[in-house]
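Data first, discussion second: the structure below is written as structure tokens.
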Amino acid sequence: AHASLAMMQVAPWVANGPSLSEWPPDPPHEQEKRHHATLGAVRARRQQYGIWMGLQLSVVEGPRVCTNVGACALLAALASAAAIAAAGATAVGDPRWIENEVDFHARVCSEQGKPYLYWPRPPHLEWSVCVASCPDTVDAVNSQQAPLPGTSPVTVLRSPDEVQISGIIWDDREPVYPTGLAFGRFCLAAPGTVLKVEARPGGGEVARTAAEALLGQLRAGPGGAAQQLRRFVGDLRGASWAAPSAIVLVAAFVAGSLVPLLLRFIPRLGATIAAIGGIAAAALSGLAAWALCVELSLDHRMLAVADLQPLLANLAGWFLLVVCGVMGLIVLCCRRAICRGAATASLALSLVEGEGQLRSLWLVPVLIVVSQLLGILVWLQVLPWTFSIASVEWHLQSVVQKYEYPNATQHPAGTSQMFQGREEGEWAPVVFAVLRTLSFSDGWMLAINALLLFALRTWLALVDALACIVIHYVVASWYFTAPPPGDGPRPTPRGLLPRGLCIAVRYHLGTAAIRGAISALLPLPIRLIRTLVVGAAFWIEPWHRQYGPDGTDDEGGPLGTGGAGFVRTLLALLSPIALADTAMRSETLGGAGSNAVDGMSTALPALQCLIGTPVLVSSLAILPISLVVWPAGLKLVDIESAQVGTALALTTCAHIAVSSWATFYEAVSDAFLFCLLLDDAGHRAFGFHEEIDDSGVEFRLVTLPAITANTSFALWSSVYTPPSLRALLFDLSSELQDDAEDAVDPDQGDVHSLAGDAGASDAGTREAESLLGTRRSEPGVSDDH
């Protein structure tokens, strides 16, 4: 194998040298001596390169330092602010107020043994009473009455020494009207129910129906959006949803594990199943959501106090149908990119499965989903208190009659607290009536929940970022360990996964925090944005834009400019390789992102074509598994006003659980590709330097002129490159070369092989010379390279 690699490096010299007929024949012993000398030089230079490369990489022997340390302080500040907000909410909030309704005196109905709320005097909604059962038609026919307090006007008598306040409270009675139980809370009448008959000013009578006297008024009061959200949170807290939700999420996680198995063994069929399943699931779920919206819109109870449910169903239907259209467009336009992504994921998963030290990476999705769902569980536990921040307010009642004894003083003794807000000439005191209302603090609720939601999204993205760093560390530690002669596993150290976890938390927590905060600030999920960027890159094809020694392409455009440069930059910053340099060389997030952009700009075209493509498969595969949870969420709670919200929340949690597998095989795929990119860039930097002092070589990911399929050291000669990865890149390089030739001359059917392309012979000569440590010219870059 070493002899074959040596001859592969020497082959371009033969192509540029004199013809074989001009060479004098050498004796056999001279040929053998020259062969052993060449092979020894190759081994020596390769050993020097391996030592130097190990010193550049933190995963081998290079130094590892903490990155983005200042972000740890910001992360601690965010965590402290969220903890303080949650503690304050638990101190002043009371979940009883959102789990139950309150009557006219702000008393919780369930604590009175009367769990339902009834309005005996519509449209005066402030006068509500708690009842043990809703009045029905029989009660109305039998002239049953609902108790309600009545009050007389307040009178005040002031004597020289005191002020006397008097008023009468009695038990009033109101005839009931027929109602039905709604959502386990309210007693609502049908729209055509006659509530009362009033006399007209000009004579005659008019009947007041529930549609105008009650249901319409409820939309502005208990049917408001904020009140519906509070009732939804209260219904979730009171329902027994924890055990069924856990079963559903575990089933979704297990179903998500089928995706990497399909990609491992049948990648093309797996991608096809994911595409068909994703599009069909989005279309069917969208139509089902629309049908549910129509059904809920016909329910007068929903329109009165729960109109957010049909609105959410309508929005979900539109969203899913738009997703269906976008996914269908991506499948039609990016079929080849999806197949490439499936092949890349299949290759990465086969390497993880076949190598003993990499098999521990299969535990990463479990760690991701457990950490993320624990964060969601903590957030859900705090939510009832944040939505129940309220205070009880008394209604003030004016004094209608005042009596005063002669010679009364202006300010009676001991009554200063009764004259709050009164002017000097007004001596009537402040009087609180029987009516009390529960006033929720909407401003505080929005502020605290916005902070906690941002903290939750940051936590979810932080866990993903830490998982990517761990995966990059483990893969790079295995990749840059030279395989032994012959067959056998690479001698990598044991316990790579625990070591990677410790390194990610100890050294790179700040980098992961910044990545998480940026992802939390994005208006759309980062995976969706990456999917659109990868689809755009497939059409722009930035890998066909090759840069020469002066950093310009064939059209004179500078490095990293134009639409191709913009798409390449977005792809590098949004994909997991933005964290690869952090794990492999202890770069900060800004430095790692910049290096990823620079490295992709001049990397092997086939490598540029593959980076990020597994996200196309994962976006399609996640969708059907997540949407299957939608019907289960509708049946999880019995209260109709919380079914749509519960289904959306459970579908979101299932999406997070399934996405842990996508994070796994996306990061593993990009980790192998970035390792090959580092190998190419490192050899180019090492080979262009004089052999006498390799310690001063500057490692740069920008390789000018850009690396091609004929000049890639990692593709042809590196001992680190796995054979399966080399074969995939060879096949894709041939495909890209065919595409380029067809674009130039569509009628030309002659296809040149990569190994025999005469146009790259001089480039191969330079690579062979850099490997052997020899020079025919200055270490700069020649024009014909």
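The values are calculated or read from the model by the stated rules, or taken from the named source; none is laboratory data. Please read these numbers as outputs of a predicted model, since none were measured by experiment. Here Cβ is always computed from backbone atoms with ideal geometry, including for glycine, and neighbour counts include all displayed protein chains. These area figures cover heavy atoms from the full protein model, side chains too; ligands, DNA and RNA do not enter into them. Shrake-Rupley method; radii C 1.70, N 1.55, O 1.52, S 1.80 Å.
Listed values, structure above:
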item: Residue pairs meeting the criteria (Cβ under 9 Å; at least 6 apart or on separate chains; first touching a residue at least 40 places away in the same chain (Cβ under 8 Å) and over 20 Å from PHE538 (Cα atoms), in segment 609-634; second surrounded by fewer than 24 Cβ atoms within 10 Å (Cβ to Cβ) and basic (Lys, Arg)); result: ILE622/ARG527
item: Only listed residue being in contact with a Ser or Thr (Cβ under 9 Å, 6 or more places away or on another chain), among the aliphatic types (A, V, I, L, M) and modelled with pLDDT of 80 or more, chosen from VAL69, VAL60; result: VAL60
item: Matching helices (runs of 4 or more DSSP H) fully within segment 257-315 where at least 2 residues are of a type outside the set (Ser, Thr, Tyr) and under 17 Å from THR344 (Cβ atoms); result: 258-265, 267-297
item: Every pair of residues 6+ apart whose Cβ atoms lie under 9 Å, when the first sits in segment 671-682 and is within 11 Å of MET584 (Cβ to Cβ) and touching a residue at least 24 places away in the same chain (Cβ under 8 Å) while the second is in a helix (DSSP H, G or I) and among the β-branched types (Val, Ile, Thr); result: ALA671/ILE471; ALA671/VAL474; ALA671/VAL475; ALA671/ILE577; PHE674/VAL475; PHE674/ILE577; CYS675/VAL475; LEU677/ILE577
item: Candidate set from segment 434-465 (those that are in a helix (DSSP H, G or I) and aromatic (Phe, Trp, Tyr)); member that is modelled with the lowest pLDDT; result: TRP444
item: One residue from THR651, THR582, THR646 being in a helix (DSSP H, G or I), β-branched (Val, Ile, Thr) and either at positive phi or surrounded by 24 or more Cβ atoms within 10 Å (Cβ to Cβ) (or both); result: THR582
item: Pair list, Cβ < 9 Å and 6+ apart or interchain, from segment 67-89 residues that are part of a helix (DSSP H, G or I) to residues that are open to solvent by 40 Å² or more (accessible area, probe 1.4 Å) and of a type in the set (Val, Ile, Thr); result: ALA71/ILE514; LEU74/ILE514; LEU75/ILE514; ALA86/VAL378
item: Residues within segment 129-146 that are closer than 18 Å to ALA211 by Cα and open to solvent by less than 20 Å² (accessible area, probe 1.4 Å), tallied; result: 1
item: Filtered residues of segment 560-595 (kept if within 16 Å of ALA667 (Cα to Cα) and either of a type in the set (Asp, Glu) or touching a Pro at 6+ places or on another chain (Cβ under 8 Å) (or both)); result: ASP581
item: Looking only at segment 585-606, and only at residues there that are among the hydrophobic types (A, V, I, L, M, F, W, C) and not in a helix (DSSP H, G or I), the one that is farthest from LEU678 (Cα to Cα); result: LEU604
item: Filter pass, ALA476 being open to solvent by 10 Å² or more (accessible area, probe 1.4 Å), part of a helix (DSSP H, G or I) and aliphatic (A, V, I, L, M); result: no
item: Residue within segment 557-566 that is within 16 Å of ILE529 (Cβ to Cβ) and in a helix (DSSP H, G or I) present; result: yes
item: The lone exception for TRP170 - which of (1) in a strand (DSSP E or B); (2) in contact (Cβ under 8 Å) with a residue 24 or more places away in the chain; (3) out of contact with any Pro (no Cβ under 6 Å at 6 or more places or on another chain); (4) over 14 Å from ARG185 (Cα atoms) it fails; result: (2)
item: Among (1) open to solvent by less than 50 Å² (accessible area, probe 1.4 Å); (2) without any contact (Cβ under 8 Å) to a residue 24 or more places away in the chain - the single one LEU188 does not satisfy; result: (2)
item: Test: residue in segment 489-504 that is part of a loop (DSSP other than H, G, I, E, B), of a type outside the set (Ser, Thr, Tyr) and crowded, with 20+ Cβ neighbours inside 10 Å; result: no
item: Test set (1) open to solvent by 20 Å² or more (accessible area, probe 1.4 Å); (2) within 20 Å of SER519 (Cα to Cα); (3) assigned to a helix (DSSP H, G or I) - ALA657 fails condition number; result: (1)
item: Test: residue in segment 229-240 that is modelled with pLDDT of 90 or more and either acidic (Asp, Glu) or surrounded by fewer than 18 Cβ atoms within 10 Å (Cβ to Cβ) (or both); result: yes
item: Qualifying residue in segment 617-640 (condition: open to solvent by less than 10 Å² (accessible area, probe 1.4 Å), closer than 30 Å to GLN737 by Cα and not β-branched (Val, Ile, Thr)); result: yes
item: Close pairs from segment 236-254: first assigned to a helix (DSSP H, G or I), partner surrounded by 20 or more Cβ atoms within 10 Å (Cβ to Cβ) and hydroxyl-bearing (Ser, Thr, Tyr), Cβ under 8 Å, at least 6 apart; result: LEU236/THR646; ALA252/SER626; PHE253/SER660
item: Any pair with Cβ under 9 angstrom, 6 or more apart, that starts in segment 315-338 at a residue that is more than 18 Å from SER626 (Cα to Cα) and ends at one that is open to solvent by 40 Å² or more (accessible area, probe 1.4 Å); result: ILE330/LEU532; VAL331/ILE276; VAL331/ILE279; CYS333/TRP539; CYS334/TRP539; ARG336/GLU735; ILE338/THR272
item: Which numbered condition PHE730 misses (of (1) assigned to a helix (DSSP H, G or I); (2) under 13 Å from PRO605 (Cα atoms); (3) at pLDDT below 90); result: (3)
item: Breaking point among (1) in contact with a strand residue (DSSP E or B) (Cβ under 6 Å, 6 or more places away or on another chain); (2) open to solvent by less than 60 Å² (accessible area, probe 1.4 Å), for LYS196; result: (2)
item: Residue selected from segment 306-365 under the condition closer than 30 Å to THR646 by Cβ and polar (S, T, N, Q), by the criterion least open to solvent (accessible area, probe 1.4 Å); result: GLN309
item: Qualifying residue in segment 207-221 (condition: in a loop (DSSP other than H, G, I, E, B) and either modelled with pLDDT of 85 or more or surrounded by fewer than 18 Cβ atoms within 10 Å (Cβ to Cβ) (or both)); result: yes
item: Unique match (being surrounded by 14 or more Cβ atoms within 10 Å (Cβ to Cβ), out of contact with any strand residue (DSSP E or B) (no Cβ under 9 Å at 6 or more places or on another chain), modelled with pLDDT under 50 and within 30 Å of TRP478 (Cα to Cα)) among SER770, SER718, SER761, SER724; result: SER770
